[in-house]
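The values are calculated or read from the model by the stated rules, or taken from the named source; none is laboratory data. Small disclaimer: the values here were computed from a predicted structure and weren't measured. Quick reminder, even Gly has a Cβ in these numbers, built from the backbone with ideal geometry, and neighbours come from all protein chains shown.
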Amino acid sequence: MKRVLVTGASGMLGSQLLLDAPVGCVVVGTDLRPDAPVHVPGVDLAEPAAVRALFEAHGPFDAVLHCAAWTAVDLAEEKVAEARRANATACEVLASACARAGARLVAVSTDFVFDGSATSPYAHDAPTSPVSVYGLTKLEGEQAILRLHGGGSAIARTQWLYGPRGRHFPGTMLALAKDKKQLKVVDDQIGSPTSTLELSPALWDLARSRETGVFHAACEGEASWFEFACETFHLAGVSGLEVSPCTTAEFPRPARRPAYSTLDCSRLAKLRGKPMAHWRDALARYIKET
């Protein structure tokens with residue numbers, strides 16, 4: 001790959017992809033945020049003309065890593081049209097543009113495409129059944145990509161993401177620990193905490209490959225949010241804080257969350273020749289390096 005476009009390039013994952021770009025690869029980053037420190041600010045990916053102009057002015061691209069998305073899960077319940085435009089329409093426009101240009105497309109998706117009723121990790125080809133607007137619009141984006149550019153694209157579903165930049169769960173927990181003596185954390189939602197430090201290299205491997213279809217891309221192992229919080233505090237050396245488990249029902253939110261959404265990432269591990277790190281090891285690396 002000589003030239004790659006990264007969307008959502010100022011975000012938690014996109015910014016890590018820029019840092020991890022292979023030697024000799026020219027990366028063009030774009031983001032809608034007006035203050036984003038990227039190469040091409042202000043591109044509306046749901047507008048075909050804008051995307052066409054982007055490809056003409058800054059391409060040709062060998063691949064596109066699509067990280068941009070509407071990620072405000074609860075707000076999506078009332079801003080349905082906006083969430084659909086960002087998560088579904090943009091995927092449709094990008095897939096069409098990549099198909100015309102002969103560019104590979106790797107799009108980041110989510111465990112929220114599942115309803116959470118499983119009791120063992122979801123395979124990449126497990127039936128989908130989202131229970132939130134966010135999950136539904138992300139699934140619509142997946143479907144558009146596979147319909148319009150299935151022979152040249154890959155979907156990478158991930159979950160519980162955190163990293164050196166952006167807002168995320170470990171950062172929130174450590175900030176709260178500075179002012180609180182007691183915290184309650186949900187213990188009845190299970191998934192795999194995933195570091196961008198692990199996910200980014202995996203996405204670059206996927207971009208370099210010719211494999212198509214759906215891949216699950218998350219750290220190994222599983223935990224509840226309560227376990228995730230406790231391990232974060234332990235690794236960060238936080239003391240004098242009482243952390244108690246609670247149920248999802250005690251903290252109702254507008255959007256439903258999958259109760260169990262661990263992902264079976266064996267297909268990606270086979271492609272790469274190795275799995276991503278266990279979530280505890282990945283978290284330890286994150287705490288040490290940041």
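Within the stretch 107-132, being among the aliphatic types (A, V, I, L, M), surrounded by fewer than 24 Cβ atoms within 10 Å (Cβ to Cβ) and in contact with a helix residue (DSSP H, G or I) (Cβ under 9 Å, 6 or more places away or on another chain) holds for Ala123, Val131.
Going by what's in this entry, would Ala36 be described as surrounded by fewer than 20 Cβ atoms within 10 Å (Cβ to Cβ), at pLDDT 95 or above and of a type outside the set (Asp, Glu)? Full working, then the answer.
Working: surrounded by fewer than 20 Cβ atoms within 10 Å (Cβ to Cβ): yes; at pLDDT 95 or above: no; of a type outside the set (Asp, Glu): yes.
No: the conditions fail for Ala36.
When residues of the stretch 99-111 are filtered for being more than 11 Å from the chain's Cα centre (by Cα) and not small (Gly, Ala, Ser), how many remain? Full working, then the answer.
Kept after step one, since they are more than 11 Å from the chain's Cα centre (by Cα), are these residues of the stretch 99-111: 99-106.
Then drop every residue that is not not small (Gly, Ala, Ser), which leaves 100, 104-106.
Count: 4.
Given the residues Leu146, Leu183, which is the only one that is buried (at least 16 other Cβ atoms within 10 Å of the Cβ), part of a helix (DSSP H, G or I) and at negative phi? Reasoning before the result, please.
Values: Leu183 fails: part of a helix (DSSP H, G or I).
Result: Leu146 is the single residue among Leu146, Leu183 that is buried (at least 16 other Cβ atoms within 10 Å of the Cβ), part of a helix (DSSP H, G or I) and at negative phi.
For first residues located in the stretch 205-223 and free of Cβ contacts under 8 Å to residues at least 40 places away in the same chain, partners that are of a type outside the set (S, T, N, Q) and in a loop (DSSP other than H, G, I, E, B) and lie 6+ apart or on another chain with Cβ distances below 7 Å do not occur. Summed over the stretch 22-33, the residues that are within 12 Å of Trp204 (Cα to Cα) and surrounded by 24 or more Cβ atoms within 10 Å (Cβ to Cβ) give a count of 0. Exactly one residue out of Arg167, Arg147, Arg157 is farther than 18 Å from Thr196 by Cβ and not acidic (Asp, Glu), and it is Arg147. When the helices (runs of 4 or more DSSP H) confined to the stretch 1-108 are screened for residues that are over 24 Å from Gly152 (Cβ atoms), those reaching at least 1 such residues are found at 12-19, 80-84. Scanning the stretch 51-74 for residues that are more than 25 Å from Gln16 (Cα to Cα) and without any contact (Cβ under 8 Å) to a residue 40 or more places away in the chain yields Ala53, Glu56.
Criterion applied to Thr128, Thr158, Thr172 was being without any contact (Cβ under 8 Å) to a residue 24 or more places away in the chain and under 30 Å from Arg208 (Cβ atoms), and the one residue passing it is Thr128.
Using the structure shown, decide if Ala97 is among the small types (Gly, Ala, Ser), out of contact with any His (no Cβ under 7 Å at 6 or more places or on another chain) and either touching a residue at least 24 places away in the same chain (Cβ under 8 Å) or surrounded by fewer than 24 Cβ atoms within 10 Å (Cβ to Cβ) (or both).
Working: among the small types (Gly, Ala, Ser): yes; out of contact with any His (no Cβ under 7 Å at 6 or more places or on another chain): yes; either touching a residue at least 24 places away in the same chain (Cβ under 8 Å) or surrounded by fewer than 24 Cβ atoms within 10 Å (Cβ to Cβ) (or both): yes.
Here the answer is yes, as Ala97 does meet what is asked.
When each of Leu19, Leu5 is tested for being within 17 Å of the chain's Cα centre (by Cα), surrounded by fewer than 24 Cβ atoms within 10 Å (Cβ to Cβ) and in contact (Cβ under 8 Å) with a residue 40 or more places away in the chain, the lone residue that passes is Leu19.
Of everything in the stretch 211-261 that's among the polar types (S, T, N, Q) and at pLDDT 95 or above, which residue is nearest to Asp111 (Cα to Cα)? Steps first, answer last, please.
Going residue by residue through the stretch 211-261, those that are among the polar types (S, T, N, Q) are 212, 224, 232, 239, 244, 247-248, 261.
When the remaining residues are screened for being at pLDDT 95 or above, the result is 212, 224, 232, 244, 247-248, 261.
Working: Thr212: 19, Ser224: 15, Thr232: 22, Ser244: 26, Thr247: 20, Thr248: 17, Ser261: 6 Å.
Going through the qualifying residues, I end up with Ser261.
When Gly191, Gly237, Gly221, Gly166 are checked against the criterion of being surrounded by fewer than 18 Cβ atoms within 10 Å (Cβ to Cβ) and under 23 Å from His124 (Cα atoms), Gly221 stands alone in meeting it.
Residues that are in a helix (DSSP H, G or I), in contact with a strand residue (DSSP E or B) (Cβ under 7 Å, 6 or more places away or on another chain) and of a type in the set (Phe, Trp, Tyr) within the stretch 207-250 comprise Trp225, Phe226, Phe233, listed in sequence order. Close contacts from the stretch 269-290, counting a first residue that is closer than 16 Å to Gly191 by Cβ and a second that is buried (at least 16 other Cβ atoms within 10 Å of the Cβ) and aromatic (Phe, Trp, Tyr), with Cβ to Cβ under 8 Å and a gap of 6+ residues or different chains, come to Trp279/Phe228; Leu283/Phe228.
Figure legend. Inter-residue proximity from the stretch 176-200: first residues within 21 Å of Gly166 (Cβ to Cβ), second residues surrounded by 24 or more Cβ atoms within 10 Å (Cβ to Cβ) and among the charged types (D, E, K, R), beta-carbon distance below 7 Å, spacing 6+ or different chains. Indicated pairs: Gly191/Asp111.
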